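Peer 1: This structure is in structure tokens; I'll ask about it shortly.
The values are calculated or read from the model by the stated rules, or taken from the named source; none is laboratory data. None of these values were measured; they are calculated from a predicted model. We place every Cβ from the backbone using ideal geometry, glycine too, and count neighbours over all the protein chains shown.
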Amino acid sequence: MSEAIEVDISDLPGVGPATRAKLEAGGITTILDLAASTVNELVDNLGLTDETAHNLIFESQRLLREKGILEKDLVSAQELFDRRAQMVRCTTFSKNLDNLFLGGIETQAVTEFYGEFGSGKTQICHTLCISAQLPVEERGLAGGVLYIDTESTFRPERIAQIAKTRSMNTDTMLSNIHVAKVYNASHLELIIKALGNLIQQNGIKLVVVDSIISLHRAEFVGRGTLSERQQKLNGIMHRLKRIAEIYNIAVVITNQVQASPDTFFGDPTKAAGGNIIGHASTYRVYLRKAGQERKAIMIDSPCHPYGDTNFMITEGGIGDPEESTKKSTASWKSSKAAVAEKAEKSSSKKASSKSDNEEEDSEAAE
Ligand SMILES: Nc1ncnc2c1ncn2[C@@H]1O[C@H](COP(=O)(O)OP(=O)(O)OP(=O)(O)O)[C@@H](O)[C@H]1O
Ligand SMILES: [Mg+2]
């Protein structure tokens, strides 16, 4: 990857000083940034013509393909296999949760945790801030962390507590976590656009967005704004996915839940944001409170079997419940059995859950 980063953006055909200045003003300073952009972004935000935007993206992607950083238009399964071999998995410090992910949170992927308040989304993110910094031999990602905090729930003292409990150097851990406090939806969109630079400058191997939807959900209220909101979220999600693949980093996002009144069987709670977030996330995990414990359910994955497992929130971040630590494999179930179990558990709640927000109900259709 370093070879491509050394190629200056001005070396691309058609990039003179004026275009370069426009690109820089928009936070695009490397070939990798350009390759991860969309034509619409370059046209709408930087005022480039359609044709220039198209050519620049095409040329930057061609260069990265030549250097073997981006996949070619047609690749053999063997090449894909080799690329996947560069993927690294990051431990969550919970054996159960790691097993659910067949080893840990993957690079080259977007992992989504959704669940109700207090289900442990932010605690998992805090724990990963520590584990991602560990060397690869210790099942970390050997890199820094970028924490995009949209709910003002990042707590350095919690990081210090986790590090201390695990006898790690608190100062080192804290100084390798870069926190972006984000207060509105357009600020979040700007940060996501600048991600390429931030990742390269700070040696980032994990990007956390906690949460992906809260700002857009709060700002785009009412049915009339739904399609604009979904379009913006779509842009964010696709950029995150491209960034995860191009930079071989892990991206973890959290999402809120909404009631799904049309559910007659199964859990009436579903992830907010409709299909746009669900489709762009590589892995989607639902978190639920289960007494003192938390249950994690693999809802969507291109390669994991359906599974669920329990974990605990502890002083050391995320851990395993006493009894299941001994039999630490996640309890795999056939989809049928799992669906039947979910249906049974929630059948008592099924008809009572009526959403009072029509707009939210139509999210899934977007
Ligand atoms: N140091 C700690 N030790 C044990 N449990 C903790 C600790 N800190 C927080 N918790 C527990 O974590 C839970 C909150 O989890 P978390 O903040 O991850 O929820 P969340 O899913 O992010 O919720 P929200 O949707 O409100 O953001 C609470 O039950 C709290 O008691
Ligand atoms: Mg939270």
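Peer 1: Where the second residue is part of a strand (DSSP E or B) and within 16 Å of ligand 2 (Cβ to nearest atom) and the first is at pLDDT 95 or above and of a type in the set (Phe, Trp, Tyr) and lies in the range 193-210, which pairs have Cβ atoms under 7 Å and are six or more apart or on separate chains?
Peer 2: Every condition considered, no pair remains.
Peer 1: Can you tell me which of LEU80, LEU63, LEU34 is more than 30 Å from ALA272 (Cβ to Cβ), surrounded by fewer than 21 Cβ atoms within 10 Å (Cβ to Cβ) and under 22 Å from the mean Cα position of the chain (by Cα)?
Peer 2: Result of the check over LEU80, LEU63, LEU34: LEU80.
Peer 1: Right, another one. Within the range 271-302, track down each residue that is surrounded by fewer than 21 Cβ atoms within 10 Å (Cβ to Cβ) and over 17 Å from the mean Cα position of the chain (by Cα).
Peer 2: ARG288, LYS289, ALA290, GLY291, GLN292, GLU293, LYS295
Peer 1: Could I ask something else about it? Could you tell me whether any residue of the range 150-164 is in contact (Cβ under 8 Å) with a residue 40 or more places away in the chain and more than 16 Å from ligand 2 (Cβ to nearest atom)?
Peer 2: Yes - at least one qualifying residue is present in the range 150-164.
Peer 1: Return the residues of the range 155-207 that are within 18 Å of the chain's Cα centre (by Cα) and of a type in the set (Val, Ile, Thr); say none if nothing qualifies.
Peer 2: Within the range 155-207, ILE177, VAL179, VAL182, ILE191, ILE192, ILE199, ILE204, VAL207 qualify.
Peer 1: Could you please let me know if TYR306 is of a type in the set (Ser, Thr, Tyr) and within 16 Å of ligand 2 (Cβ to nearest atom)?
Peer 2: no
Peer 1: Pick out the one residue from GLU59, GLU51, GLU24 that is in contact (Cβ under 8 Å) with a residue 40 or more places away in the chain and either farther than 20 Å from GLY235 by Cβ or of a type outside the set (S, T, N, Q) (or both).
Peer 2: Details: GLU51 fails: in contact (Cβ under 8 Å) with a residue 40 or more places away in the chain; GLU24 fails: in contact (Cβ under 8 Å) with a residue 40 or more places away in the chain.
Every option except GLU59 fails the conditions.
Peer 1: When you look at LEU233, is it modelled with pLDDT of 90 or more and out of contact with any Leu (no Cβ under 8 Å at 6 or more places or on another chain), yes or no? Reasoning before the result, please.
Peer 2: Numbers: modelled with pLDDT of 90 or more: yes; out of contact with any Leu (no Cβ under 8 Å at 6 or more places or on another chain): yes.
For LEU233, the condition - modelled with pLDDT of 90 or more and out of contact with any Leu (no Cβ under 8 Å at 6 or more places or on another chain) - is met.
Peer 1: Here's a follow-up. Filter the range 102-137 down to residues that are touching a residue at least 24 places away in the same chain (Cβ under 8 Å), more than 16 Å from ligand 2 (Cβ to nearest atom) and of a type in the set (D, E, K, R), then give me how many there are.
Peer 2: Of the residues in that region, 1 qualify.
Peer 1: Shifting gears a bit: For the subset of the range 141-164 comprising residues that are near ligand 1 (Cβ under 10 Å from one of its atoms) and surrounded by fewer than 21 Cβ atoms within 10 Å (Cβ to Cβ), which member is farthest from ILE212 (Cα to Cα)?
Peer 2: GLN161
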